[in-house]
1. Highest mean first, what order results for 62-68, 73-79 on Cβ atoms within 10 Å?
2. Give the calculated FRET efficiency between residue 91 and residue 65 to the nearest 0.05, with a Förster radius of 25 Å applied to their Cβ-Cβ distance.
3. Determine the calculated [θ] at 222 nm for the chain from helices alone, applying -39500 (n - 2.57) to every DSSP H run no shorter than 4 residues and normalising by the residue count; nearest 500 deg cm²/dmol.
4. Cα axis of helix 110-119 to longest principal axis of the chain: angle in degrees, 0 to 90, nearest 10?
5. Each label point is 7 Å from the Cα along the Cα-to-Cβ direction; what then is the distance between the points at residue 57 and residue 207, in nm?
6. Carbon and sulfur together cover what percent of the accessible area of the chain at a 1.4 Å probe radius?
7. Take the Cβ-Cβ distance between residue 139 and residue 200 as r, set R0 to 45 Å, and report the resulting FRET efficiency rounded to the nearest 0.05.
8. Quick check: convex hull of the Cα atoms in region 15-134, volume per residue, rounded to a whole Å³?
Amino acid sequence: MSSDRRRTRRGLLLVVSSPSGAGKSSLSRRLIGEHPDLSLSVSATTRAPRPGEQDGREYWFVTPEVFREMVAEEAFLESAEVHEHSYGSPRAPVMRELDAGRDVLFDIDWQGAQSIALAAPQDTVRIFILPPTMRDLAERLHSRAQDSEAVISRRLGRARGEIAHWPEYDYVIVNDDFDLAYTQLAAIYHAERLKRARNLWVEPMVAGLLAEP
Ligand code: 5GP
């Protein structure tokens, strides 16, 4: 896209939610990797890093004190308690991307999806990723081997509660076949970007077209 057109389009807030283990992070990472105008909102969290996670890449890992200060300073667009830890989406980087006409993907739970959609209803697109079966979800959590058995069984217990929020989303994708789920995710993103209301450059362009002899 030319930079003129980018400057005159409204950035999109793509909110992707799912129970842990349904593949949302892998799908989101691939979408971002293939779309330079889309970046990840890196959340802050009070939970400990899992093996392989890097500060500033998957999350900003902060202490409960720092998290509380950030809440008090209104540094978050939204924040929520998930699995006994605090998570929040830092406001400043998101505003920077939107101001530049770029899009932001949020890998956040249903509470965050609700808050973002309330704050920016016109600009938010909500997508829910479902596992094909609960057994599949359990297998994925075990094969990830990043969490203890106790953590895995707690997450599975909560998965049902998270799945119950599916009607609050604009789109639902069943992640049975990763490539198919990715194609569907990318199709949603591409179509949403093309919506007339997001492309402010169309009006002057059409005026120019009609002014042509
Ligand atoms: P995990 O600890 O497995 O990385 O994430 C646990 C849950 O918290 C996931 O459903 C994830 O999407 C959600 N989450 C991560 N960051 C945020 C955030 O900034 N806000 C909200 N509301 N949820 C988040």
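1. Details: 62-68: 13.3, 73-79: 17.6.
Going from most to least packed, we get 73-79, 62-68.
2. Once rounded, the FRET efficiency stands at 0.85.
3. For the chain, the value works out to -13500 deg cm²/dmol.
4. Roughly 30 degrees between the two axes.
5. Between residue 57 and residue 207, the simple spin-label model gives 4.7 nm.
6. Numbers: 6360 of 11560 Å².
With neighbouring chains kept in place, the figure for the chain is 55 percent.
7. Values: r = 46 Å, r/R0 = 1.02.
Result of the calculation: an efficiency of 0.45.
8. About 117 Å³ per residue, rounded to a whole number.
The values are calculated or read from the model by the stated rules, or taken from the named source; none is laboratory data. Remember, predicted model here, so these are calculated numbers, not experimental data. Positions of Cβ are generated from backbone atoms using ideal geometry, with glycine treated the same way; all protein chains shown enter the neighbour counts. These accessible areas exclude ligands, DNA and RNA; they are computed on the full protein's heavy atoms, side chains included. Shrake-Rupley method; radii C 1.70, N 1.55, O 1.52, S 1.80 Å.
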